Number of protein chains: 2
Amino acid sequence: MDRQEFSNPVDLKQIQVTDSFWHREQELVRTEVIPYQWEALNDRVEGAAPSYCMRNFKVAGRMMREKKSKGASYVAPSYTFRGFEALPEDPAHPDEDKFYGFVFQDTDFSKWIEAVGYSLLQHPDPALEQTADEAIAIVCEAQLENGYLDTYYIINGMDRAFTNLRDHHELYCLGHLVEGAVAYYQATGKDKLLKAAMRFADYCCEYFGPGEGQCKGYPGHEIAEMALVRLYQVTGEEKYLKLSRFFLDQRGQQPFYFEEEEKERAAHDGKPCHLTTNNAYHQAHKPVREQSEAFGHAVRAVYLYSGMADVARLCQDEDMAAACDRLWDNVTREKMYVTGGIGATHMGEAFSFNYDLPNDTAYSETCAAIGLVFWARRMLQLKPCRKYGDVMELALYNTVLAGMALDGKSFFYVNPLEVLPQACHEDARKAHVKSVRQKWFGCACCPPNIARLLSSVGSYAYTESADTLWMHLYMGSVLTKQVGEKTLDLKVEALMPWEGRVKVQLHGEHVPCRLAFRIPGWSSKAKVSCRCGGRLLQIAVELNELTVRNASEEEHLEQGMPGQRETVAYREGYLYIDGIWQDGDEILLDMEMPVRILTADPKVREDVGKAAVTRGPVVYCLEEADNGKDLHLCRLNLPSLKPEEIQTEMTEELGHPMAVLQVPGKRLVPTESRELYRPYQPQQEREITLRMVPYYAWNNRGEGEMSVWVRT
Amino acid sequence: MDRQEFSNPVDLKQIQVTDSFWHREQELVRTEVIPYQWEALNDRVEGAAPSYCMRNFKVAGRMMREKKSKGASYVAPSYTFRGFEALPEDPAHPDEDKFYGFVFQDTDFSKWIEAVGYSLLQHPDPALEQTADEAIAIVCEAQLENGYLDTYYIINGMDRAFTNLRDHHELYCLGHLVEGAVAYYQATGKDKLLKAAMRFADYCCEYFGPGEGQCKGYPGHEIAEMALVRLYQVTGEEKYLKLSRFFLDQRGQQPFYFEEEEKERAAHDGKPCHLTTNNAYHQAHKPVREQSEAFGHAVRAVYLYSGMADVARLCQDEDMAAACDRLWDNVTREKMYVTGGIGATHMGEAFSFNYDLPNDTAYSETCAAIGLVFWARRMLQLKPCRKYGDVMELALYNTVLAGMALDGKSFFYVNPLEVLPQACHEDARKAHVKSVRQKWFGCACCPPNIARLLSSVGSYAYTESADTLWMHLYMGSVLTKQVGEKTLDLKVEALMPWEGRVKVQLHGEHVPCRLAFRIPGWSSKAKVSCRCGGRLLQIAVELNELTVRNASEEEHLEQGMPGQRETVAYREGYLYIDGIWQDGDEILLDMEMPVRILTADPKVREDVGKAAVTRGPVVYCLEEADNGKDLHLCRLNLPSLKPEEIQTEMTEELGHPMAVLQVPGKRLVPTESRELYRPYQPQQEREITLRMVPYYAWNNRGEGEMSVWVRT
């Protein structure tokens, strides 16, 4: 493994996102999502199912105080299972001593505080910070003396804590708590929540491990793996990295932990055990280093793979890295929608078999696309390679953004690629597919997940090593790169995802730094003009061929000239420019962004005879609002259509500037026949112009049909 | 309503089916299905889930005897609900006093005895008849003194009988019992079971009705409606017709009975009532005469519509008849697969919305196609019209026959139009779609339903009124038509479904009779040569135009010549020939049977850009066994392909003669690209010959892909 290429995300404190596209999204998170979320987790949203999240922390805290006031240690009641989601019998009068909501309800807070942390970095807000501090105080009051912190068991009975790792999400709660605590600490410097998270993690470090008497289990819903790595990186405490690695090493070992645990639970309850564990659903069917195909719950899977990539990097674990890469190729070449969505089936919110990517019953959960972004960034940290960056960008600009309405007020959990509203309403097989975004969800994972990703998007755009700065995504921003004692300031201007031109202005005092630029797969021709010191380099990457010309001296440069450090290199889709930078230096990238008409591998049954239209990283779709009902009657004018005939037009009609497309097409003209089945006749068609809008912007004009794939 | 056209099925005693195609099917039923079924309902099939059916009757009978021996009337235990399907805790030792199986398990016997009855008519079998008599004795012993006969409540507790008409199927058990008893009585003349069925029906006639104190409910699962009509027709007892009509009249009236019943049950149990009734699922959302769209459980729906058609005919109820016709058009023009299958969704085994006819997740239950045949025959009895006959034939030759393997040993419950075995195994959304036929089902409705239909198929081929005999289906048979005091003997020879030529030889002594022949929709040109007395008529029906020539006198005849009864007429797809028939008379039909390439109404989204290939009533499909894997890569060579280029070849390779097709087609050649999504290129295809086999014969050569619809 080439440790040289390992990188870390640039500290968010060093980045200010100024990009109009992303600034708008971040402002929606700050002004809409975070405040709404706070109301939601305090059960103050009219018409929405209560979260019970903060209430549970308060109940647990009160129980603790009462015990302490009596001078006794806290002793929890004896545990009784009341359902994966416990609801009060009388919603108007929830029981004062009971836990309500999903077993993982604590994470509603953790995701919120994480988004708050990132948001405060971008936009200081003393009132929000005070609210957050108060919430943290409530949360910390619920923590047991020994460090344990999951209100589900604290309230319901600690005698059964850690006896159902498979389903009861305690380690998932730990993971989110750590993520939230680290983000808030990094933003504010306040360590109250970080210390609480460390205490819970310390407790887990004692409870789980290879030693005698330690539990050999691992999370049923992964996230702790990557969270513990982050905790290690911020605290320097190696035990957290060790615990993460322990979880990964244990996963999939035989006898299968979840089965053993299930047998023990049955024995404890004095009931016969009919094993229900589906190990593959939890990615626990074989040791992680031996896995090659993605199975089971999609979000869990990509969270696991993210943790694996982290550990592979930090531990230089080549087998783990190889498994990550095999899984990556499987997911992105055999199980991913053209929108970057993953998890094709709602049954278990899971991956289906290879190439099974139905459009109308798609699950493609927003959180799974977010997890794919997490994983992609970690793969890039491990090995900068365009295939990761391309998918990260694709998932981000399409499925992740589609998860939120353009006004930030409603959300998709499921992201179909084809919608017929009638089917969503009348066909129970598509009950999971919503034809309009929803205000909030009982299982509120997607909206807060969008919030924490969008408010930290800068840390996905850039990663760095000691001497290199990688630009994976292009967004207007101001950032600082420390190289040894020296500081390089960069100002990036971009118009993504609508234009491929990027300007990078550099400021510094002879700062030696390698700058790396991702040349996206969607651009077959990129021209780069680089002014460094007195020299002007004209660089071109065309069909993955690099040419470099020293325009200042009319000298052709070869890659890797003998005896000197290479100045310009092109490797795995990244353009590397080594330079010693100073004020006035500037790099201009001009990446061609043609409209592209894509077809799927014919193994994807649902897409045979269809095409998708994209431009840059943006995938387009037909909407009823532009093209009328019965979108399935429309087709692209292929094979005669040339991408050049497709017109691109910037419009603000949906509230912010975006490029829409005018595509020559045809529409089937219905015949007169009243027979359901009639003798074949060549189709009667009329010429039409199809109007296509970015997929992320669909369903912002009321309910209607939508389709990404169009017949050819 | 034109009472003239009303007809009844010809008594099975008057028909002997000699047709090689149908005789084979009937022999399978006689030699495979009926014996297997008997073993199954006595729980003697190794590896199959026990039916518990005969065991339940024995348990109930023993309970009755024990009570009687104590001189007391039978008093059932107090009812406790033990699930819609009750299974013993220890399967090796079922409790001696408990009911097991589905609430409707009694019907396993009733369907069996019905098939036995029909089979005995075609093929006397003293040993089988003795077994049947013994079974009947066991069943009759279970009947209560008051006539009630449903072991579910007899064993579980009569205090709750008729308190859950919606779900507990007592009137469904009544209906099947009546159907079975009538068939056995008509076959053997033995009336022991008929009397038991009448006593149960009598009990219901007292229990249900418009009078004060009588129950105003109706069946949750329809069938009693048509069964009671049959009981009325065989006994002449008008009260049975009245009860059938009462059930129809009550259905859908407000307040909704099932909701009232549900409230009462909740009140009885002292629980709060959260209504769960979906009236449309039970076709009880509005009065039946006002219904226009088919909703809910497909089998229940077509059983209901069958009863409606019966009552419309017998009571000359025009509004009821109009509703039947509206529903018919809805089902066959908006909700039917090209194979005659209905009920597109497995969610509730139900109709989906109009034009929602997915091929790969199709439900298309065998029983629903059988019910469609029942209904079609009754529509024909009401009004002979080709549209009913065409659909009856279509459902019969395709979905009904596909329900059973060619060796009669395994069955499909679900009849998809497209199968990828991997999806059936790995995609839980298609768990209902089996890639191979199953031995038997816990809910064993389809195999016995196939058995009772196939063994009585003659009564679907012919119906009669006093002076007319209609031939709806063409099958080799010998039958007798009584016209007043005279007898007309007919010998029919046919080679359906492979040839459109039919020969009818007549024997009699100047018997005046109108013969009616269905000219199928699949034949645009039919020539008929009719020798009647000394006269030879040459008749042609081409594109629904009738021409008649008196070949014996070279005289052109007009339809309906003034002053004389019309000799030849063509009406609603039926050719009517009036004649006075004698020995030596003969009618030869020659209906052209070209290969037809069909497309669906473009409103059927799943079939846009696809075609189905049919010949006569037979729908063809591609199978992996003939065409390799990845059938979705194949397409028909359209628009250039002419149906004449498709070659028909008779083969016996699947065990009996059938026509297979050789169709010029193309196959997509996969490209080298490893990208899941790649720039559009016109498709590379190679010429192939597609081999297509009849849909009913699919999956008789092991597991593999199958597809009815082929890309064009």
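The values are calculated or read from the model by the stated rules, or taken from the named source; none is laboratory data. Keep in mind it's a predicted model, so treat the numbers as computed, not measured. Every residue, glycine among them, receives a Cβ derived from its backbone with ideal geometry; neighbour counts consider all protein chains shown. Heavy atoms of the whole protein, side chains included, go into the accessibility calculation; ligands, DNA and RNA do not. Shrake-Rupley method; radii C 1.70, N 1.55, O 1.52, S 1.80 Å.
Observations on the model:
- Taking all C-alpha pairs of the range A:51-152, those more than 22 Å from each other amount to 38 percent.
- The base-10 log of I(q)/I(0) for the range A:256-393, evaluated at q = 0.12, 0.16, 0.20 Å⁻¹, reads -0.50, -0.80, -1.10 [Debye formula, identical scatterers on Cα atoms, solvent excluded].
- Length, then width, then depth: along the principal axes, the Cα atoms of the range A:577-699 run 76, 36, 23 Å.
- Beta bridges by DSSP in the protein assembly as shown, antiparallel share as percent, to the nearest 5: 95 percent
- Enclosing the Cα atoms of the range B:371-503 in their convex hull gives a volume equal to 141 cubic angstrom per residue.
- If R0 is taken as 60 Å, the Cβ-Cβ distance between B:Gln253 and A:Asn146 corresponds to a FRET efficiency of 0.35.
- Farthest towards the positive end of the charge dipole of chain B, among the residues B:Tyr185, B:Leu536, B:Tyr207, is the Cα of B:Tyr207, using unit charges on the Cβ of Lys, Arg, Asp and Glu.
- Which of A:Pro602, A:Val708, A:Val693, positive extreme of dipole for the range A:559-712 (C-beta unit charges): A:Pro602
- Centroid-to-centroid, using Cα positions, the range A:662-679 and the range A:130-186 are 58 Å apart.
- Residues losing 40 Å² or more accessible surface upon assembly, the range B:328-355, compared with the chain by itself, 1.4 Å: B:Arg333, B:Met347, B:Phe353
- Beta bridges by DSSP in chain A, antiparallel share as percent, to the nearest 5: 95 percent
- Residue-normalised convex hull volume from the C-alpha trace of the range B:96-137: 76 Å³ per residue.
- The rotation axis that maps chain B onto chain A passes nearest to the beta carbon of this chain B residue, listed with its distance in whole angstrom: B:Gly609, 3.
- Quick note on chain A: its Rg to Rh ratio, both from C-alpha atoms and Rh being the Kirkwood radius, is 0.98.
- Share of Cα-Cα pairs in the range B:317-445 lying beyond 27 Å, as whole percent: 21 percent
- Here is the tail figure for the protein assembly as shown: Cα pairs spaced more than 54 Å apart come to 37 percent of all pairs.
- The mean number of partner chain beta-carbon atoms within 10 angstrom of a residue's beta-carbon across peptide A:356-365 is 2.
- Projected-area mean, the range A:217-271, by convex hull of Cα positions, square nanometres: 4.3 nm²
- Per-residue mean of C-beta atoms belonging to partner chains within 10 Å, peptide B:669-679: 6
- For the range A:595-635: relative contact order, % (alpha-carbon pairs under 8 angstrom, 6 or more apart): 29 percent
- Contact residues in the range A:611-637 (at least 30 Å² less accessible area with all protein chains than alone, 1.4 Å probe): A:His632.
- Here's the picture: charge each Lys and Arg Cβ at +1 and each Asp and Glu Cβ at -1 in the range B:270-369, and of B:Val331, B:Gly343, B:Asn279 the one pushed furthest to the positive end of that dipole is B:Asn279.
- Across identical copies of the chain, B:Arg24 has label-point separations of 6.8 nm, listed in ascending order, with the point defined 7 angstrom from Cα along Cα→Cβ.
- Pair B:His510, B:Glu426: separation of 7 Å Cα→Cβ label points (nm): 7.7 nm
- Dipole magnitude for the range A:451-553: about 180 debye, using +1 per Lys or Arg Cβ and -1 per Asp or Glu Cβ, origin at the Cα centre.
- As an equivalent ellipsoid, the range B:474-617 spans semi-axes of 33, 18, 13 angstrom, where each value is the square root of five times an eigenvalue of the C-alpha gyration tensor, largest first.
- The magnitude of the dipole of the range B:194-338, with charges of +1 and -1 set on the Cβ of Lys/Arg and Asp/Glu and taken from the Cα centre, is near 320 debye.
- Residues in the range B:399-439 that, when all protein chains are in place, have 20 Å² or more less accessible area than the chain alone would give (probe 1.4 Å): B:Leu420, B:Gln422, B:Glu426, B:Asp427, B:Ala428, B:Arg429
- Point-to-point label distance, B:Arg701-A:Arg326, nm (Cα→Cβ direction, 7 Å offset): 3.7 nm
- The range A:362-498: relative contact order in percent, alpha carbon pairs under 8 Å with at least 6 residues between: 20 percent
- The GluC sites (Glu not before Pro) of the range B:1-72 meeting both criteria, a DSSP state outside H, G, I, E and B (loop) and at most 14 other C-beta atoms within 10 angstrom of the site's C-beta, are B:Glu46.
- Each chain gives up part of its surface: B and A jointly bury about 4800 Å² of accessible area, both sides summed, for a 1.4 Å probe.
- Along its three principal directions, the equivalent ellipsoid of the range B:633-712 from the Cα gyration tensor extends over semi-axes of 29, 17, 9 Å, largest first.
- Whole-percent carbon and sulfur share, accessible surface of chain A, 1.4 Å: 48 percent
- Axial C-alpha extent at least 20 Å, average Kyte-Doolittle at least -0.5 - helices from chain B (DSSP): B:107-122, B:126-141, B:170-188, B:192-207, B:298-314, B:366-382
- B:Ser352 accessible area, 1.4 Å probe, all protein chains in place, Å² to nearest 10: 10 Å²
- Estimated distance in nm for a label pair at B:Gln681 and B:Arg24, the labels positioned 7 Å out from Cα along Cα-to-Cβ: 4.6 nm
- Relative contact order for chain A, counting Cα pairs under 8 Å that sit 6 or more residues apart, in percent: 12 percent
- Heavy-atom surface of chain B, accessible at 1.4 Å and reported per residue (Å²): 36 Å²
- Share of alpha-carbon pairs per 5 Å distance bin for the range B:139-261, given as whole %: 2, 12, 22, 25, 20, 12, 5, 1, 0
- Here's the picture: a label point sits 7 Å out from the Cα of B:Cys215 along the beta-carbon direction, and within the range B:167-182 the residues with their amide nitrogen under 19 Å of it are B:167-179.
- Under a model in which nothing but the beta-carbon of Lys, Arg (+1) and Asp, Glu (-1) is charged, chain B shows a dipole of about 420 debye around its Cα centre.
- Listed by chain and number, the lysines whose alpha-carbon sits under 18 Å from that of B:Lys629, ignoring those within fewer than 8 places in the same chain, are A:Lys603, B:Lys434, B:Lys666.
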